[in-house]
Amino acid sequence: MQIETLTLDNMVWDNEFEQPQVAQELTRNVQGGAVVHEQAQTYGVAMRLTGAWGSRATVLALRALEAQPGQAWSVTLDDGRQFWATFDRRNGAAVVATPIRPSTQPQATDQYELTLQLITLQEPA
């Protein structure tokens with residue numbers, strides 16, 4: 001998988017089929033009847049990528065991307081699918097890195113288990 005110029009091996013989109021394909025809202029008319037509004041969700045879908053390990057240097061590069069507000073990034077999955085996405089910060093950090101072997105003196109080559117929280121966007125014109 002690639003996000004911009006960073007390559008991460010074995011990232012899996014683990015919540016791909018947890019998202020509704022259609023957004024739905026129920027409102028009431030003045031007589032109290034139900035009015036259902038629906039719209040296909042082509043973009044704005046949560047993308048949680050998990051399963052990869054990366055070095056501390058990679059984690060710092062990902063966090064540098066995450067620290068840039070209002071930016072969107074090219075994401076290419078291992079199967080070739082491409083998306084335009086931004087980091088999903090609504091529930092905390094969008095880049096979560098857990099050390100494989102915790103150390104009080106981390107090195108650039110130390111390995112971390114990675115989870116990325118993204119939101120798919122429409123590709124800019």
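What to note about this one:
- Some residue of the stretch 66-74 being in a strand (DSSP E or B) and in contact with a helix residue (DSSP H, G or I) (Cβ under 6 Å, 6 or more places away or on another chain): no
- In the stretch 1-55, the residue that is farthest from GLN107 (Cα to Cα) out of those that are in contact with a Gly (Cβ under 8 Å, 6 or more places away or on another chain) and assigned to a loop (DSSP other than H, G, I, E, B) is ASP14.
- Breaking point among (1) in contact with a Lys or Arg (Cβ under 9 Å, 6 or more places away or on another chain); (2) more than 19 Å from LEU121 (Cα to Cα), for ASP14: (2)
- Whichever residue in the stretch 25-61 is polar (S, T, N, Q) and exposed (fewer than 10 other Cβ atoms within 10 Å of the Cβ) and, among such residues, is nearest to ALA72 (Cα to Cα): THR42
- Restricted to strands (runs of 3 or more DSSP E) entirely inside the stretch 82-125, no element has at least 3 residues that are small (Gly, Ala, Ser) and at pLDDT below 95.
The values are calculated or read from the model by the stated rules, or taken from the named source; none is laboratory data. What you see is a predicted model; the values in this text were computed from it and never measured. Counting neighbours? That spans all protein chains shown, and the Cβs are built from the backbone with ideal geometry, glycine included.
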